[in-house]
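Participant: This is the structure I want to talk about, given as structure tokens.
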Amino acid sequence: MSAAPETTRRGFLKGSGLFIAFSLFGSVEALELAEAASAPQSIGEVHAPPPAEELYAWLAVHPDNTATLFTGKVDVGTGTMTALAQIAAEELDFPVDRLGVVMGNTAQTVDQGPSYGSRTMRYAGPQIRQAAAAGRAALLDLAARHLGAKPESLTVKDGVVSQQGAHGRTVSYGELVAGSRLDMKIGASGKSFGMKVAPQAKPKNPADYTVVGKSIPRKDIPGKILAEFTYVQDVRVPGMLHGRVVRPYGVHSRLHSVDASAVKDIPGFVQLVRRDDFLGVVCETEWAAIQAAARLGSVLHPKGPDAYPAKWTAWNGLPEMDRIWDVVRDAPGKTTMVANKGSVDEALSGAARTLKATYQTPFQMHGSIGPSCAVADVNEQRAIFWSGTQMPHEARRDMAKLLGMRAEQIELRWFEAAGAYGRNGLEHVIADAALMSQAVGRPVRVQWMRWDEHGWEPKGPPIAQDLEAAIDGQGKVSAWRHRMWIPTFLDTTLIAAQLIGRPDVVGAIGHGLPAINYSYQFDNAEVSSHGDGRVALRTAWLRSPAQYETTFAMESFIDELAAATGQDPLDFRLEHLQDPRAIDVLKAAAKQYGWKPRPAHGKRPAGDQPVKGRGIAWVNRDDSRVATIADVTVDPRDGTIRVDRVVVAQDCGLVVNPDGIRNQVEGNVIQSISRTLHEEVTFDRANVTSRDWIGYPILRFSEVPDSIEVVIVNNDPKYPMHGAGEPSTCPTAAVIGNAVFDAVGIRLRDLPFRPERVKAALGKA
């Protein structure tokens, strides 16, 4: 019987009659450029990144008067490809739909730092603006020589240069360059986020912007809708094999022995790869690799560590789940003061009233729906990787260290993966593929299984927080104490590297504490962060690291104080704020929502019928201000919480693409509702146990709010661009918790707000 033909996404859409040329996405040229930028390349030889001081490192102009922007940043679903293209197109006076973008390919792009921390627009945006401004000046110089005119007599529109007062005297950028490389020095100093590019270039006056500030359709959407987009999971290269990792029984189990004969009869089996405690299988087909890994015992080891052909030492060193908060509080590390003003102890001792509360947030995972994947082709002379990492240039250096090569021998070709918004398994799977390819001498594709992703991706750490406040006779806060126990979220040693005894291959680790929001004006305040040690499971950044959790505690406790004094939650916040941008977003959200001042109801329902409530919270996340208001419905019968309506006002400075901001806010809200209502990693003494979507549920489409309304505040060129990829995540848990209190009078201080927790708080468990 012959094998069934492989069905591709593109083929499915064609066969179903859904293959339609949508003109609403922009020109055909834009679609072709997007496809060309993401098409799989032949294996070839490696090339080092281009020098940042050269114009060709940032820009190429083609004979058909299209152009390509090169950036070391990557788009993980945030729309930055389009926004950065808008910045470049603005300075070049060039059509956005004829400007393609190459992102993250280390042989073609400058290292502008990782794409994390809501920093792409803030740091890469100005770098690209300066490079494009320098490019326009260089192209005008070429045009002046070509037309025999002075540069100041020339104008540019849509990439065509015209001489004023000389009808018909025009030349396009494409004609000027004629396929040549832009070998002009524009200057650059510094590196990564701090790099300064083309310092002598003079960018446009923001008052003259015609592209920046417009809702330009995203460049990546056509290919995704038409099933022509190439994700990293779609990449295939000549001669490629398939690999899977055989996971240890416990987090720190050691590989005792493996019986290779157990898998040699599987059709397509190629090689068992063992290096110390790293164990992988390589096969001709993906199905063969899945079978071989499963036969060796790669999933949950239900019969124990030594009941399968791959035998591991028993390891049960994780704490019991109900002891995790003791472990968090006892973790080693230092204490860092975030704020220290006045005398909190003295104010507490003489206060008319004091309140205390403890908030706890569990291990959570990135929950990427598409498991991590990478392709590696390693030989003695060079190594090439195909990856969806958020930090391609860092990954290149990591792989050089792992393989004992120079960075010049390594090239990474970037393709978009499933969204992570932090550090999931995307870096770790590169190392898996690297070790297997090095062992077999052929390209190897490794895609994690669902249990790999859920079980072994780094997690957002559990955080415990104690808050205490004093209220004076006028109902104002006279003292505030906020103590946070935050384990490290920088445990970034690559899993494969650790298994082969190379804990020094740690990847990009970031710097300092998370951006903790403390913007209220209290006469006596003490805010401190304790810890930064390792706790139980491997941890890394998860969207808005630690600040989603700390905002939950702070903005929930602020609401507790407002309720205790019988004050409207919005008025209470405004009374204690002096930051005009914070006040602006709170008022803008309230206006859009239709806020009517009143204290929170905070009463237990008399019956069992669903009850509605409203909540409010805000955050200053790395200089972006966000205020959120939500309506929820709580059903006392089954403990479910439904978020009905969300209003978000966001001030992130100059906005390049308003529609892109709205997309980001909507995505942040949906993901953070999921984290608030559903998400918690479970584990036993050996390993993670929530290894599928049943054990780790996420928000379903039926639970998405009916309305998410976005108000953009202070979109003014006088403000620099700040981040939009994370800030609107932060207020959500507090908003929902505050709304639940308004509805049914219970305070939920532990995430997630699953039905059983709600029912227990209502006394109905």
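The values are calculated or read from the model by the stated rules, or taken from the named source; none is laboratory data. Please read all numbers here as calculations on a predicted model, not as lab measurements. So basically every Cβ, Gly included, is an ideal-geometry build from the backbone, and we count neighbours across all protein chains shown. Quick note on the areas: whole protein, heavy atoms, side chains included, nothing else; ligands and nucleic acids left out. Shrake-Rupley method; radii C 1.70, N 1.55, O 1.52, S 1.80 Å.
Participant: Just the residues that are touching an Asp or Glu at 6+ places or on another chain (Cβ under 9 Å) and surrounded by 20 or more Cβ atoms within 10 Å (Cβ to Cβ), please, taken from the stretch 700-727.
Facilitator: Correct list: 708, 710, 713, 722, 723, 726, 727.
Participant: Among 316, 340, which is the only one that is in contact with a strand residue (DSSP E or B) (Cβ under 7 Å, 6 or more places away or on another chain), open to solvent by 60 Å² or more (accessible area, probe 1.4 Å), outside any helix (DSSP H, G or I) and touching a residue at least 12 places away in the same chain (Cβ under 8 Å)?
Facilitator: Values: 316 fails: in contact with a strand residue (DSSP E or B) (Cβ under 7 Å, 6 or more places away or on another chain).
After applying the criteria, what remains is 340.
Participant: Here's a follow-up. Considering only residues that are of a type outside the set (A, V, I, L, M, F, W, C) and either within 14 Å of residue 559 (Cα to Cα) or touching a Pro at 6+ places or on another chain (Cβ under 8 Å) (or both), which ones fall in the stretch 721-745?
Facilitator: 731, 732, 737, 738, 742, 745
Participant: Moving to a separate point now. Among the residues of the stretch 650-709, which ones are assigned to a loop (DSSP other than H, G, I, E, B) and closer than 19 Å to residue 750 by Cα?
Facilitator: Of all residues in the stretch 650-709, those assigned to a loop (DSSP other than H, G, I, E, B) come to 652, 654-657, 678-682, 684-687, 689-700, 704-706.
Correct list: 678, 679, 680, 681, 682, 690, 695, 696, 697, 698, 699.
Participant: Now a separate question. Out of 59, 33, I need the residue that is surrounded by 23 or more Cβ atoms within 10 Å (Cβ to Cβ) and at pLDDT below 95. Which one?
Facilitator: 33
Participant: For the stretch 70-85, check the following and say yes or no: at least one residue is in contact (Cβ under 8 Å) with a residue 24 or more places away in the chain, farther than 17 Å from residue 173 by Cα, open to solvent by less than 10 Å² (accessible area, probe 1.4 Å) and among the charged types (D, E, K, R).
Facilitator: yes
Participant: Okay, next question. Quick check on the stretch 327-337: of everything there that is under 21 Å from residue 516 (Cβ atoms) and of a type in the set (A, V, I, L, M), which residue is most open to solvent (accessible area, probe 1.4 Å)?
Facilitator: 337
Participant: Mind listing whichever residues of the stretch 650-699 are surrounded by 20 or more Cβ atoms within 10 Å (Cβ to Cβ) and hydroxyl-bearing (Ser, Thr, Tyr)?
Facilitator: Within the stretch 650-699, 672, 674, 676, 696 qualify.
Participant: Looking at (1) surrounded by fewer than 20 Cβ atoms within 10 Å (Cβ to Cβ); (2) over 24 Å from residue 421 (Cα atoms), find the lone condition where residue 613 falls short.
Facilitator: Single failed check for residue 613: (1).
Participant: Now for a separate question. Restricting the search to the stretch 348-381, which residues are in contact with an Asp or Glu (Cβ under 8 Å, 6 or more places away or on another chain) and open to solvent by 20 Å² or more (accessible area, probe 1.4 Å)?
Facilitator: Matches in the stretch 348-381: 348, 351, 352, 354, 355, 356, 358, 360, 371.
Participant: Need the failing condition index for residue 529 against (1) open to solvent by 10 Å² or more (accessible area, probe 1.4 Å); (2) at pLDDT below 95; (3) under 19 Å from residue 356 (Cβ atoms), just the number.
Facilitator: Of (1) open to solvent by 10 Å² or more (accessible area, probe 1.4 Å); (2) at pLDDT below 95; (3) under 19 Å from residue 356 (Cβ atoms), only one is false for residue 529: (1).
Participant: Here is a further query. Please verify whether residue 488 is in contact with a strand residue (DSSP E or B) (Cβ under 7 Å, 6 or more places away or on another chain) and open to solvent by 10 Å² or more (accessible area, probe 1.4 Å), treating the condition exactly as stated.
Facilitator: Details: in contact with a strand residue (DSSP E or B) (Cβ under 7 Å, 6 or more places away or on another chain): yes; open to solvent by 10 Å² or more (accessible area, probe 1.4 Å): yes.
Yes; evaluated as a whole, the condition is true for this residue.
Participant: While we're here: If a residue counts only when it is at pLDDT 95 or above and surrounded by fewer than 22 Cβ atoms within 10 Å (Cβ to Cβ), which strands (runs of 3 or more DSSP E) contained entirely in the stretch 230-300 have at least 2 such residues?
Facilitator: Numbers: elements: 241-245, 255-258, 269-275, 278-283.
Ranges flagged: 255-258, 269-275.
Participant: Just a yes or no: is a residue in the stretch 169-187 within 28 Å of the chain's Cα centre (by Cα) and not hydrophobic (A, V, I, L, M, F, W, C)?
Facilitator: Restricting attention to the stretch 169-187, the residues satisfying the condition of being within 28 Å of the chain's Cα centre (by Cα) are none.
Among the residues of the stretch 169-187, not one is within 28 Å of the chain's Cα centre (by Cα) and not hydrophobic (A, V, I, L, M, F, W, C), which makes the answer no.
Participant: Only one of 496, 469 is open to solvent by less than 10 Å² (accessible area, probe 1.4 Å), out of contact with any Cys (no Cβ under 6 Å at 6 or more places or on another chain) and within 28 Å of residue 685 (Cβ to Cβ). Can you tell me which?
Facilitator: None of the other options fit; the residue is 496.
Participant: Specify the residue that is modelled with the highest pLDDT; the eligible residues are those in the stretch 505-518 that are open to solvent by less than 20 Å² (accessible area, probe 1.4 Å) and in contact with a Leu (Cβ under 7 Å, 6 or more places away or on another chain).
Facilitator: Step one: list which residues in the stretch 505-518 are open to solvent by less than 20 Å² (accessible area, probe 1.4 Å), which gives 505, 507-508, 510, 514, 517.
The next check asks that each one be in contact with a Leu (Cβ under 7 Å, 6 or more places away or on another chain); those that pass are 505, 507, 510.
On the way: 505: 85, 507: 66, 510: 50.
Out of the qualifying residues, it is 505.
Participant: Pairs under 7 Å by beta carbon, first residue of a type in the set (A, V, I, L, M, F, W, C) in the stretch 681-708, partner open to solvent by 50 Å² or more (accessible area, probe 1.4 Å), six or more apart or different chains?
Facilitator: 683/321; 683/689; 686/315; 686/316; 699/670; 704/670; 708/666
Participant: Limited to the stretch 161-186, what total is found for residues that are polar (S, T, N, Q), within 17 Å of residue 62 (Cβ to Cβ) and open to solvent by less than 50 Å² (accessible area, probe 1.4 Å)?
Facilitator: Counting residues in the stretch 161-186 that are polar (S, T, N, Q), within 17 Å of residue 62 (Cβ to Cβ) and open to solvent by less than 50 Å² (accessible area, probe 1.4 Å) gives 1.
Participant: So which residues in the stretch 112-138 are of a type outside the set (A, V, I, L, M), in contact with a Leu (Cβ under 8 Å, 6 or more places away or on another chain) and open to solvent by less than 30 Å² (accessible area, probe 1.4 Å), if there are any at all?
Facilitator: 120, 125, 135
Participant: Can you find even one residue in the stretch 594-609 that is modelled with pLDDT of 95 or more and either open to solvent by less than 10 Å² (accessible area, probe 1.4 Å) or in contact with a Ser or Thr (Cβ under 6 Å, 6 or more places away or on another chain) (or both)?
Facilitator: No, every residue in the stretch 594-609 fails to be modelled with pLDDT of 95 or more and either open to solvent by less than 10 Å² (accessible area, probe 1.4 Å) or in contact with a Ser or Thr (Cβ under 6 Å, 6 or more places away or on another chain) (or both).
Participant: Checking residue 391 against (1) open to solvent by less than 20 Å² (accessible area, probe 1.4 Å); (2) free of Cβ contacts under 8 Å to residues at least 40 places away in the same chain: exactly one of these is not met. Which one?
Facilitator: Status for residue 391: all satisfied but (2).
Participant: Restrict the check to the stretch 128-148 and report whether at least one residue is among the acidic types (Asp, Glu) and on the phi > 0 side of the Ramachandran plot.
Facilitator: No - not one qualifying residue is present in the stretch 128-148.
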